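Chemist: Sharing a structure with you now.
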Amino acid sequence: MTESVKDALHYAAAYVLLKTFGWLPRPAAYPAAEIVAALGFRLARRQRHAGIQNLQMALPGLTNDQRLAILRGSFSNLGRLLVEFSHFPYLNKHNIAELVDYDGFEHYQNAVARGKGVIFLTAHFGSWELSCFAHSLYGNPMKFVVREIDNNKVEGLIETYRGLAGNTPIDKRNASRDILRSLRNNETIGILVDQNTTRDEGVFVDFFGIPAATTPAVATLALRTGAAVIPGFLIWDGNTRKHRLHFDPAVELITTGDPTRDIVENTRAFNGILENVIRRYPDQWLWIHRRWKTRPEGEASLYE
């Protein structure tokens with residue numbers, strides 16, 4: 001099969017999924033997404049295996065059944081993300097409150113009032129695509145850093161949905177200049193910091209007690225510009241069937257006078273913030289990503 005045919009099939013699959021789940025009313029779409037998530041759990045062998053290994057390393061005190069339950073919940077979370085993303089065309093400033101509530105919005109307001117830009121510290125947690133989308137519909141447009149998908153047609157389809165609320169993506173490969181300009185204009189930038197990076201691009205700081213190659217971008221940018229770093233996560237509440245966009249107060253940055261040490265120590269603190277949220281809501285994080293893939297020089301892989 002040629003690459004062009006594969007690209008066309010991937011686009012067709014993405015288009016059908018988005019249109020099908022978007023057509024279904026949300027009360028019907030959620031159960032349908034659960035079925036898709038259950039199939040994904042059974043069929044995505046490589047991702048399932050990575051998730052199990054991650055949970056064994058990060059949460060060794062749990063039983064196998066407890067870890068499997070979390071992993072199944074993580075797949076369900078992806079199904080819920082698909083539902084929310086597919087319904088973006090139907091969301092607006094008049095109905096977003098039916099789906100997303102704010103929690104700690106005053107922390108975001110205080111950060112904006114500082115006038116040096118805001119960095120939205122977040123992760124692949126909950127329905128993360130809905131997080132910045134809802135924030136924009138509430139009247140707070142922002143920019144977010146993304147890595148473009150290799151399939152141009154799929155990338156175009158996804159970007160169309162992402163841009164419906166007025167947000168602007170920044171390509172990760174050429175992000176620094178755009179981010180610095182935006183922060184100087186007191187804009188908000190969303191950065192997901194929970195994924196593995198290369199040894200050359202990252203710093204090794206603990207995540208669940210295991211050294212993890214982590215992007216130093218947030219620490220570097222905040223220390224350079226004085227931007228406020230606001231932890232923000234979209235948390236699903238199964239009882240209310242709504243999402244809660246939670247903001248913590250701005251992080252107090254560590255400044256010792258040693259720039260290299262400051263970057264490492266603040267990145268370590270950011271990982272600690274992410275870890276605390278994930279420990280509280282473990283089934284809402286993307287466990288299937290091989291987070292500890294990159295190892296320090298000389299260390300063997302942690303994955304089979």
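The values are calculated or read from the model by the stated rules, or taken from the named source; none is laboratory data. Just so we're clear, the structure is a prediction, and the values are computed from it rather than from any experiment. Glycine also receives a Cβ, built like all others from the backbone with ideal geometry; neighbour counts cover every protein chain displayed.
Chemist: If the Cβ limit is 7 Å and pairs must be 6+ apart or interchain, which residue in the range 30-43 that is closer than 13 Å to Gly73 by Cα pairs with which residue that is assigned to a helix (DSSP H, G or I) and of a type in the set (Val, Ile, Thr)?
Modeler: From the range 30-43, the pairs are Ala33/Val83.
Chemist: Considering the range 283-301 alone, what residues qualify as being within 23 Å of Leu192 (Cα to Cα), among the hydrophobic types (A, V, I, L, M, F, W, C) and more than 15 Å from the chain's Cα centre (by Cα)?
Modeler: Once the filter is applied, which keeps residues that are within 23 Å of Leu192 (Cα to Cα), among the hydrophobic types (A, V, I, L, M, F, W, C) and more than 15 Å from the chain's Cα centre (by Cα), the range 283-301 yields only Trp292.
Chemist: Can you pull out every residue in the range 211-236 that is closer than 15 Å to Phe270 by Cα, assigned to a strand (DSSP E or B) and touching a helix residue (DSSP H, G or I) at 6+ places or on another chain (Cβ under 6 Å)?
Modeler: Listed by number, the residues that qualify are Thr214, Ala228, Val229, Ile230, Pro231, Phe233.
Chemist: Filtering the range 279-303 down to residues that are outside any loop (DSSP other than H, G, I, E, B) and either in contact with a Phe, Trp or Tyr (Cβ under 6 Å, 6 or more places away or on another chain) or of a type outside the set (Asp, Glu) (or both), which residue is farthest from Gln47 (Cα to Cα)?
Modeler: Applying the filter and picking the extreme gives Arg280.
Chemist: Which condition does Gly163 not pass, out of (1) in contact with a strand residue (DSSP E or B) (Cβ under 9 Å, 6 or more places away or on another chain); (2) buried (at least 20 other Cβ atoms within 10 Å of the Cβ); (3) part of a helix (DSSP H, G or I), if it passes all the others?
Modeler: Exception for Gly163: condition (2).
Chemist: For the range 85-106, enumerate the residues that are surrounded by 16 or more Cβ atoms within 10 Å (Cβ to Cβ) and assigned to a loop (DSSP other than H, G, I, E, B).
Modeler: Across the range 85-106, the qualifying residues are His87, Leu91, Leu99, Gly104.
Chemist: What number of residues within the range 206-222 satisfy the criterion of being within 19 Å of Asn276 (Cβ to Cβ) and either surrounded by fewer than 20 Cβ atoms within 10 Å (Cβ to Cβ) or at pLDDT below 95 (or both)?
Modeler: The qualifying residues number 5.
Chemist: Among all residue pairs at least 6 apart or on different chains, which show Cβ distances below 6 Å where the first residue, located in the range 180-193, is on the phi > 0 side of the Ramachandran plot and the second is assigned to a loop (DSSP other than H, G, I, E, B)?
Modeler: Asn186/Gly115; Asn186/Gly117
Chemist: Checking Ala111 against (1) part of a helix (DSSP H, G or I); (2) closer than 25 Å to Trp23 by Cα; (3) over 19 Å from the mean Cα position of the chain (by Cα): exactly one of these is not met. Which one?
Modeler: All conditions pass for Ala111, except number (2).
Chemist: Of the residues Ile179, Ile170, which is outside any helix (DSSP H, G or I), buried (at least 19 other Cβ atoms within 10 Å of the Cβ) and of a type in the set (A, V, I, L, M)?
Modeler: When all the criteria are applied, what remains is Ile170.
Chemist: Of all residues in the range 66-84, which are more than 18 Å from the chain's Cα centre (by Cα) and either crowded, with 20+ Cβ neighbours inside 10 Å or outside any helix (DSSP H, G or I) (or both)?
Modeler: Answer for the range 66-84, where residues must be more than 18 Å from the chain's Cα centre (by Cα) and either crowded, with 20+ Cβ neighbours inside 10 Å or outside any helix (DSSP H, G or I) (or both): just Arg67.
Chemist: For the range 139-159, state whether one or more residues are without any contact (Cβ under 8 Å) to a residue 12 or more places away in the chain and touching an Asp or Glu at 6+ places or on another chain (Cβ under 6 Å).
Modeler: yes
Chemist: Of the residues Asn271, Asn266, Asn276, Asn239, which is without any contact (Cβ under 8 Å) to a residue 12 or more places away in the chain and part of a helix (DSSP H, G or I)?
Modeler: Asn276 is the lone residue from the list that is without any contact (Cβ under 8 Å) to a residue 12 or more places away in the chain and part of a helix (DSSP H, G or I).
Chemist: Shifting gears a bit: Here are Asn77, Asn64, Asn92: which of them is farther than 21 Å from Glu275 by Cα and either of a type in the set (Val, Ile, Thr) or at pLDDT 95 or above (or both)?
Modeler: Criteria check complete, one pass: Asn92.
Chemist: Consider the range 186-200. How many of its residues are within 16 Å of Ile210 (Cα to Cα), surrounded by fewer than 22 Cβ atoms within 10 Å (Cβ to Cβ) and not polar (S, T, N, Q)?
Modeler: Of the residues in the range 186-200, 1 are within 16 Å of Ile210 (Cα to Cα), surrounded by fewer than 22 Cβ atoms within 10 Å (Cβ to Cβ) and not polar (S, T, N, Q).
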